[in-house]
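The values are calculated or read from the model by the stated rules, or taken from the named source; none is laboratory data. Being a predicted model, the structure only gives us computed values, none of them experimental. Backbone-built Cβ (ideal geometry, glycine too); neighbour counts: all protein chains shown. The protein model used for the area step is the full one, side chains on, heavy atoms only, and it has no ligands, DNA or RNA in it. Shrake-Rupley method; radii C 1.70, N 1.55, O 1.52, S 1.80 Å.
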Amino acid sequence: MQKKTIVIDPVTRIEGHAKITIDISEEGVVEDAKIHVTQYRGFEKFCEGRPYTEMPALTARTCGICPVSHVVSATKAIDEILGVTPPKAGVNIRKIVNLAQMLQSHTLNFYHLSSPDFIYGFDAPKEDRNIFKMMQTHPQMARDGINLRAFGQKIIEDLAGKRIHPTGIIPGGASHKIEESTKEAILEQVPAMLKIAQSALEFFRDNLHKFQEEIDYLGAFPSLFMAITNDEGTLEHYDGKLCFMDSEGNILKDKIEPRDYKEFIGEAVEDFSYLKSPYYKPLGYPQGMYRVGALARVNIAKTCGTPLADKELIKFKALNDGKPVLNTFYYHYARLIEMIYAIEKIEELLKCDETMSDNVRSTSTVSYERGVGCSEAPRGTLFHEYHVTKDGIITGVNLIIATGNNNLAMNAGVKQVAQRFVDPKNITDGALNRVEAVIRCFDPCLSCSTHALGIVSSKVEIRDHNKKIIKVFERS
Amino acid sequence: MRVIIGYGNELRGEDAFGVDTIKKLQKLSLKNTKLLSLHQLTPEIVLQLLDANEIIFIDASYDEKNHYALACSLTEQDNLNLSHHISPKTIIYMLNNLYKNMPKFLIYSMMSRNFDTIEDTLRYQECVDAVALYLSLEGQKN
């Protein structure tokens, strides 16, 4: 058999643009598979020369789905440069907005991008496996997704000015206090939103038995996990220290100050993708592959710190007898737990008296030449590092985007799925859908390094060893 | 109620056509009309459209050959490659199927070949003014 390459381009139902290649050996078996992020953004370079004050707004434009994460990490980096500690109210406003974004982002992945697979199965005809069919057969579920996302987006708008690219999170804290009426309006919706999030988790758990093969083969492998965590070891998304855990649950290194991240994280570059391949330095490349995001966070966290999410976390941790859950498919499960957590935590923070204080911002001038801001974005740990002149002009930027941390693991997952499900002699749509689905498990935000494109169909090309196309599959 | 939605990215040149048209319309105090200015269309927008009996989408469309041409279309190519933003057709589909609201809808587009800058400020503004004036007059008829 001739050596072939299968190309899936673009990958659908993810944030951003990517393609997948699957290499078939001369023996007729899947030899390798890779995810390629095919567009270059260049934020690290074109931010140079700008005043530091522009960085939150500039870097928010990295993405339309998780701009809050970039604003939060950017303002935290600038806090370090200014040498300021934001007041408690400012910190809590940032935390609430960050959680609201995580909620709306996880909601989008579950209801709009992934639920067609859960409802109809990975082998369902592609005409049925989409959100339009889901709206016909599960209208209440679709409405739930809309309501939950609207809840998160409205919080971002009310507390930070705009739903997309918000401006209310600023260096030193937040731009304005929370109005009492806003607080009451949010709190009034909490019970209904919790009910929706709980029913989503129940639906997912009730259907898990249908997906045992996906659980076992959609990126199920040992890896390290990284997340930020606080002193108590509870789930944390805004502040804390970095922690690396291995696949057995051993802590390799914790209490790492985010500003020291370069001592532990290396950034490799491969010629097939514009996405960096970060790795845990002490283990080298690529052995230092680690996973970030919801799965890593709930694996590392001892508790969530909120009652309903903690109940779910106990069930989750029982999946692997208390050891880290290694199945990438369970990213979905972890995100659903985080959705419940986010709603509970937003309620807790809003009910905290200090959150409603008028004192929301500290001010200062440039005091340090370097600042690192780190937070947990929906998809994982996000780093912004800035260098400035004494006048506050940016001279250097390094960004490690949350999704980038997962690059090595995504590639490992794609390869595992392709080797399990893709039969080069009979390439089915269900098999190709699973190759895409493993990427959807990670919920990558490739928009952070690319623009999402409005291309209607996926094309799968089979090429011989001379790169000549010998067969084309059109997928919609 | 009539709802007019202008959407686009103000930092991407002529992609701001919809947003700039909404700015113009905001100065005209249209009756029985809700104006929405958005960066992009997202699913939860439907909750602001439940009372609409007519929805007008204003956007810029990429077209190399017919720069600054204006088009009004009842249909548009749908995009099943769902990401965090969705198409007007999906919005209407959601309203029809989830909320049993069947509004009339129209899409007004300005053809553009440049989403990096506004190539010809005068012609761009003429397009904004033309669509705003037309929608204003249409609103007075109803």
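Could you tell me whether residue A:233 is at pLDDT below 95 and open to solvent by less than 50 Å² (accessible area, probe 1.4 Å)? It would help to see each step written out before you state the result.
Details: at pLDDT below 95: yes; open to solvent by less than 50 Å² (accessible area, probe 1.4 Å): yes.
Yes.
Does residue B:107 satisfy the condition of being at pLDDT 90 or above, within 14 Å of chain A (Cβ to nearest Cβ) and touching a strand residue (DSSP E or B) at 6+ places or on another chain (Cβ under 6 Å)?
On the way: at pLDDT 90 or above: yes; within 14 Å of chain A (Cβ to nearest Cβ): no; touching a strand residue (DSSP E or B) at 6+ places or on another chain (Cβ under 6 Å): yes.
Here the answer is no, as residue B:107 does not meet what is asked.
Could you list all residues from the range B:14-30 that are farther than 25 Å from residue B:50 by Cα and within 14 Å of chain A (Cβ to nearest Cβ)?
B:15, B:16
So residue B:122 ticks every box in (1) at pLDDT 90 or above; (2) crowded, with 16+ Cβ neighbours inside 10 Å but one. Which box is left unticked?
Unmet for residue B:122, out of (1) at pLDDT 90 or above; (2) crowded, with 16+ Cβ neighbours inside 10 Å: (2).
If you go through the range A:357-403, how many residues are hydroxyl-bearing (Ser, Thr, Tyr), over 13 Å from the mean Cα position of the chain (by Cα) and open to solvent by less than 10 Å² (accessible area, probe 1.4 Å)? Before the answer, list the steps.
From the range A:357-403, those hydroxyl-bearing (Ser, Thr, Tyr) are A:357, A:362-365, A:367-368, A:375, A:381, A:386, A:389, A:395, A:403; that's our starting set.
Still in the list and also over 13 Å from the mean Cα position of the chain (by Cα): A:357, A:362-365, A:367-368, A:386, A:389, A:395.
Remaining after also requiring open to solvent by less than 10 Å² (accessible area, probe 1.4 Å): A:386.
Matching residues across the range A:357-403 total 1.
Evaluate the range A:45-54: report whether one residue or more is touching a Leu at 6+ places or on another chain (Cβ under 7 Å), open to solvent by 10 Å² or more (accessible area, probe 1.4 Å) and not polar (S, T, N, Q). Quick ask: steps written out before the conclusion?
Step one: list which residues in the range A:45-54 are touching a Leu at 6+ places or on another chain (Cβ under 7 Å), which gives A:47, A:50.
Right, trim to open to solvent by 10 Å² or more (accessible area, probe 1.4 Å) and you get A:50.
From the residues that got through so far, the ones that are not polar (S, T, N, Q) too are A:50.
Yes, the range A:45-54 contains at least one residue that is touching a Leu at 6+ places or on another chain (Cβ under 7 Å), open to solvent by 10 Å² or more (accessible area, probe 1.4 Å) and not polar (S, T, N, Q).
In the range A:161-184, which residues are of a type outside the set (S, T, N, Q), away from every other protein chain (no Cβ under 14 Å) and open to solvent by less than 50 Å² (accessible area, probe 1.4 Å)?
Going through the range A:161-184, the residues of a type outside the set (S, T, N, Q) turn out to be A:161-166, A:168-174, A:176-180, A:183-184.
Now restrict to residues that are away from every other protein chain (no Cβ under 14 Å): A:168-174, A:176-180, A:183-184.
Residues satisfying the conditions are A:168, A:169, A:170, A:171, A:172, A:173, A:174, A:178, A:183.
Testing residue A:190 on (1) in a helix (DSSP H, G or I); (2) of a type in the set (Val, Ile, Thr); (3) under 21 Å from the mean Cα position of the chain (by Cα), one condition comes back false. Which one is that?
(3)
Consider residue A:169 carefully, then state whether it is of a type outside the set (S, T, N, Q) and at pLDDT below 95. Spell out the reasoning first.
Values: of a type outside the set (S, T, N, Q): yes; at pLDDT below 95: no.
Against the criterion (of a type outside the set (S, T, N, Q) and at pLDDT below 95), residue A:169 does not qualify.
Take residue A:209 and decide whether it is of a type outside the set (Gly, Ala, Ser) and buried (at least 17 other Cβ atoms within 10 Å of the Cβ).
It is false that residue A:209 is of a type outside the set (Gly, Ala, Ser) and buried (at least 17 other Cβ atoms within 10 Å of the Cβ).
For residue A:25, all conditions in the list (1) open to solvent by 10 Å² or more (accessible area, probe 1.4 Å); (2) modelled with pLDDT under 90 hold save one; what is the number of the exception?
That leaves (1) as the condition not met.
Which condition number does residue B:80 fail, the rest of (1) touching a Leu at 6+ places or on another chain (Cβ under 8 Å); (2) at pLDDT below 85 being met?
For residue B:80, the failing item is (1).
Tell me, which strands (runs of 3 or more DSSP E) lie completely within the range A:210-293 with 2 or more residues that are closer than 25 Å to residue A:310 by Cβ and either touching a residue at least 24 places away in the same chain (Cβ under 8 Å) or aliphatic (A, V, I, L, M) (or both)?
Working: elements: A:224-229, A:241-245, A:251-256, A:265-268, A:277-280.
Strands (runs of 3 or more DSSP E) meeting the threshold: A:224-229, A:241-245, A:251-256.
Conditions (1) at pLDDT below 95; (2) in a loop (DSSP other than H, G, I, E, B); (3) touching a Leu at 6+ places or on another chain (Cβ under 7 Å), marked per residue:
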residue: A:62; (1), (2), (3): yes, yes, no
residue: A:75; (1), (2), (3): no, no, no
residue: A:79; (1), (2), (3): no, no, no
residue: A:85; (1), (2), (3): no, yes, no
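Tell me which residues, restricted to the range A:173-187, are of a type in the set (Asp, Glu) and outside any loop (DSSP other than H, G, I, E, B).
Answer for the range A:173-187, where residues must be of a type in the set (Asp, Glu) and outside any loop (DSSP other than H, G, I, E, B): A:180, A:184.
Identify the residue in the range B:31-62 that is more than 14 Å from chain A (Cβ to nearest Cβ) and open to solvent by 10 Å² or more (accessible area, probe 1.4 Å) and, among all such residues, is nearest to residue A:66 (Cα to Cα). Steps first, please.
Keep residues of the range B:31-62 that are more than 14 Å from chain A (Cβ to nearest Cβ), which gives B:31-35, B:51-58.
Those left that are additionally open to solvent by 10 Å² or more (accessible area, probe 1.4 Å): B:31-35, B:51, B:53-54.
Details: B:31: 36, B:32: 34, B:33: 31, B:34: 28, B:35: 25, B:51: 30, B:53: 33, B:54: 31 Å.
Residue satisfying both the conditions and the ranking: B:35.
Take the conditions within 14 Å of chain B (Cβ to nearest Cβ) and either surrounded by fewer than 17 Cβ atoms within 10 Å (Cβ to Cβ) or at pLDDT below 95 (or both) and apply them to residue A:195. Does it pass? Walk me through how you get there before you give the answer.
Values: within 14 Å of chain B (Cβ to nearest Cβ): no; either surrounded by fewer than 17 Cβ atoms within 10 Å (Cβ to Cβ) or at pLDDT below 95 (or both): yes.
Against the criterion (within 14 Å of chain B (Cβ to nearest Cβ) and either surrounded by fewer than 17 Cβ atoms within 10 Å (Cβ to Cβ) or at pLDDT below 95 (or both)), residue A:195 does not qualify.
Within the range B:1-30, which residues are among the acidic types (Asp, Glu) and either part of a helix (DSSP H, G or I) or crowded, with 20+ Cβ neighbours inside 10 Å (or both)?
Applying the first criterion (among the acidic types (Asp, Glu)) to the range B:1-30 yields B:10, B:14-15, B:20.
Selection gives B:14, B:15, B:20.
Please go through the range B:63-72 and pick out each residue that is open to solvent by 60 Å² or more (accessible area, probe 1.4 Å) and within 20 Å of residue B:88 (Cα to Cα). Spell out the reasoning first.
First, the residues of the range B:63-72 that are open to solvent by 60 Å² or more (accessible area, probe 1.4 Å): B:64-66, B:70, B:72.
Hits for the range B:63-72 are B:70, B:72.
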